[in-house]
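All remarks here apply to the structure that follows.
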Amino acid sequence: MNADPTLTRIGEGVALHHHQGQRVAARDVFAQIWDDIGGEQGDPLHVCVLAHSMADVQDDVHQELLWDLRALAAADRVTDEAVAQAGVTLPVAGLYPSLHLNLSECYRKLGDLDRARQHLRQARAGIGALGDDDYGRLIKGGLERLTEQLGEA
């Protein structure tokens, strides 16, 4: 899959959550990795992917939003070279639709529909960076659902 051991560990945490339904166990794994990488001072790719994954296992939408904002800030420091070296086939631009989709959903849950729509527009603007694969279809489906929920054309 990828050559980066930290991304492999994050993937194991994601599998705990998405495939085994072990949300709390995944959160514990992510917290340990967060400590291991040095938190927000860690490698930007690791911070981005880990914070994005950590957001998904939060029980409180405010905490989810904080983690998603950390992921977005880290994405701005990730380079295509670093992504390629880590064995990830997606370019940096391919990270943004999912990040903005999740931020839009957080803001929707919090009732801040202006910010929700702003992030939805940013997610849709970057959708061309995604391929026509399972990941791309997942994000595009999420955008379609959220577009409907927010009453956007």
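The values are calculated or read from the model by the stated rules, or taken from the named source; none is laboratory data. Being a predicted model, the structure only gives us computed values, none of them experimental. Note that we place each Cβ from the backbone using ideal geometry, even for glycine, and neighbour counts take in every protein chain shown. To get the accessible areas, we keep the full protein, side chains included, count just its heavy atoms, and leave off ligands, DNA and RNA. Shrake-Rupley method; radii C 1.70, N 1.55, O 1.52, S 1.80 Å.
Structure values in brief
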| read-out | value |
| --- | --- |
| Lone qualifier among Leu90, Leu69, Leu95, Leu99 - being open to solvent by less than 10 Å² (accessible area, probe 1.4 Å) and among the hydrophobic types (A, V, I, L, M, F, W, C) | Leu99 |
| Criterion violated by Ala123 - all others in (1) open to solvent by 60 Å² or more (accessible area, probe 1.4 Å); (2) in contact (Cβ under 8 Å) with a residue 24 or more places away in the chain; (3) within 22 Å of Thr89 (Cβ to Cβ) satisfied | (1) |
| Per-region count, the range 22-41, residues open to solvent by less than 10 Å² (accessible area, probe 1.4 Å) and within 18 Å of Ala86 (Cα to Cα) | 1 |
| Residue in the range 127-140 that is within 17 Å of Leu69 (Cα to Cα) and either outside any helix (DSSP H, G or I) or in contact with a Pro (Cβ under 7 Å, 6 or more places away or on another chain) (or both) present | no |
| Residue under evaluation Arg9, criteria (1) within 16 Å of the chain's Cα centre (by Cα); (2) open to solvent by less than 60 Å² (accessible area, probe 1.4 Å), criterion not met | (2) |
| Residue under evaluation Ala3, criteria (1) assigned to a helix (DSSP H, G or I); (2) open to solvent by 10 Å² or more (accessible area, probe 1.4 Å); (3) of a type in the set (A, V, I, L, M), criterion not met | (1) |
| Flag for Leu50 being touching a helix residue (DSSP H, G or I) at 6+ places or on another chain (Cβ under 9 Å) and under 19 Å from Gly142 (Cβ atoms) | no |
| Test: Val61 is modelled with pLDDT of 95 or more, crowded, with 22+ Cβ neighbours inside 10 Å and β-branched (Val, Ile, Thr) | no |
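Condition check ((1) among the aliphatic types (A, V, I, L, M); (2) under 13 Å from the mean Cα position of the chain (by Cα)) across all residues:
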{"position": "Gln85", "(1), (2)": "no, no"}
{"position": "Arg108", "(1), (2)": "no, no"}
{"position": "Leu120", "(1), (2)": "yes, no"}
{"position": "Ala123", "(1), (2)": "yes, yes"}
{"position": "Gly131", "(1), (2)": "no, no"}
{"position": "Gly142", "(1), (2)": "no, yes"}
{"position": "Arg145", "(1), (2)": "no, no"}
